Amino acid sequence: MNLPKQARLVEVGPRDGLQNEKQPISVADKVRLVDDLSAAGLGYIEVGSFVSPKWVPQMAGSAEVFAQIQQLPGITYAALAPNLKGFEGALEAGVREVAVFAAASEAFSQKNINCSIRESLERFAPLMDAARQHGIRVRGYVSCVLGCPYDGLVPPEQVALVARELFAMGCYEVSLGDTIGAGTAGDTRRLIEVVGRDIPRDKLAGHFHDTYGQALTNIYASLLEGIHVFDSSVAGLGGCPYAKGATGNVATEDVLYLLNGLGIETGIDLNKLIDAGQRICAVLDKPNGSRVARARLASV
């Protein structure tokens with residue numbers, strides 16, 4: 001069994017997690033969350049998103065958050081920038097890495113961003129040019145890689161096509177997102193096998209939602225396939241908008257517990273991470289979505 005010696009976790013809680021919350025969250029609370037995650041040893045934190053507050057109200061104030069967080073050396077503080085205008089906002093805020101996203105499903109692309117997959121990719125061209133000019137790294141996301149709420153099954157070859165386009169455009173890494181969380185380990189291994197024909201596996205990442213309780217098994221399957229980068233959200237922040245009452249992002253604490261058990265190094269302190277999750281859950285007045293955190297806290 002050839003598992004990697006090290007893995008990198010991309011913490012998406014401050015962006016992908018908080019953007020789904022209903023109640024307002026202050027800039028100070030967002031800053032505290034990011035600083036807590038930095039202190040816990042996360043090496044990559046997606047801090048916010050430069051999108052119109054009209055569409056994603058919770059991401060208003062991302063520039064202020066970037067201005068106030070304590071940016072520690074060796075940590076990447078990134079932001080989602082869906083278009084050139086968003087990129088320019090991120091650049092103005094001093095962001096040094098951005099993420100872009102495209103869907104592997106036509107129906108999802110139309111319903112989510114009101115354009116086809118091809119049109120969405122074409123929109124990234126000026127952003128990628130600007131990023132090259134300013135020396136900004138760009139990470140790519142592909143959503144609905146293991147199923148779509150509208151189209152159902154998505155062929156791995158379709159995912160590979162979109163991932164290949166993002167990689168060719170200049171994304172240094174492409175994260176494969178199981179948006180509805182319905183994928184299984186077998187599906188995951190087949191997906192990586194197909195996408196891995198076009199993109200080196202060390203340039204791929206996994207983004208698994210836990211809607212069907214399969215996220216950790218999919219991460220383990222990915223590890224067996226040579227993937228060593230995974231997106232996760234502290235305290236499991238971020239629900240799945242396509243399944244009422246379902247969980248969304250896999251909890252960073254739970255992924256870390258799995259990796260620790262496998263002897264895979266991450267540089268992250270589990271106890272500090274649990275504290276960070278508990279603090280933001282108290283702010284949100286909601287239960288912690290991490291099973292590991294709940295078990296640890298119950299045993300204290």
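Taken over region 270-300, the criterion of being surrounded by fewer than 16 Cβ atoms within 10 Å (Cβ to Cβ), farther than 16 Å from D254 by Cα and of a type in the set (A, V, I, L, M) is satisfied by A282, V300. Being of a type in the set (S, T, Y), touching a residue at least 12 places away in the same chain (Cβ under 8 Å) and assigned to a strand (DSSP E or B) is a condition met by no residue of region 60-69.
Counted as qualifying within region 187-294 are the helices (runs of 4 or more DSSP H) with 2 or more residues that are of a type in the set (D, E, K, R), namely 252-261, 270-284. Taking each residue of region 93-104 that is under 15 Å from T179 (Cα atoms) and among the polar types (S, T, N, Q) and looking for partners that are at pLDDT below 95 and crowded, with 24+ Cβ neighbours inside 10 Å with beta-carbon atoms closer than 8 Å, six or more apart or interchain, yields nothing.
For region 79-127, filtered to residues that are touching a Leu at 6+ places or on another chain (Cβ under 8 Å), over 23 Å from V154 (Cα atoms) and of a type in the set (A, V, I, L, M), the residue that is surrounded by the fewest Cβ atoms within 10 Å (Cβ to Cβ) is L84. Scanning region 128-147 for any residue that is assigned to a helix (DSSP H, G or I), more than 16 Å from the chain's Cα centre (by Cα) and under 24 Å from G248 (Cα atoms) turns up nothing. Report the residue count in region 124-147 for those that are in contact with a strand residue (DSSP E or B) (Cβ under 8 Å, 6 or more places away or on another chain) and basic (K, R). Total meeting the criteria: 2. Out of T184, T188, one residue alone is crowded, with 23+ Cβ neighbours inside 10 Å and among the hydroxyl-bearing types (S, T, Y). It is T188.
If the condition is being more than 17 Å from H207 (Cα to Cα) and part of a helix (DSSP H, G or I), then region 165-186 contributes E165, A168, M169. What residue, among those in region 1-39 that are part of a loop (DSSP other than H, G, I, E, B) and polar (S, T, N, Q), is nearest to E225 (Cα to Cα)? Of everything passing the filter in region 1-39, N2 is nearest to E225 (Cα to Cα). When region 1-41 is filtered for residues that are of a type in the set (A, V, I, L, M, F, W, C) and more than 17 Å from the chain's Cα centre (by Cα), the ones remaining, listed by number, are M1, L3, I25, V27, A28, V31, A39, A40.
The values are calculated or read from the model by the stated rules, or taken from the named source; none is laboratory data. What you are looking at is a predicted structure, and each value in this text was computed from that prediction instead of being measured. In this analysis, Cβ positions are derived from the backbone assuming ideal geometry, glycine residues included, and neighbour counts consider all displayed protein chains.
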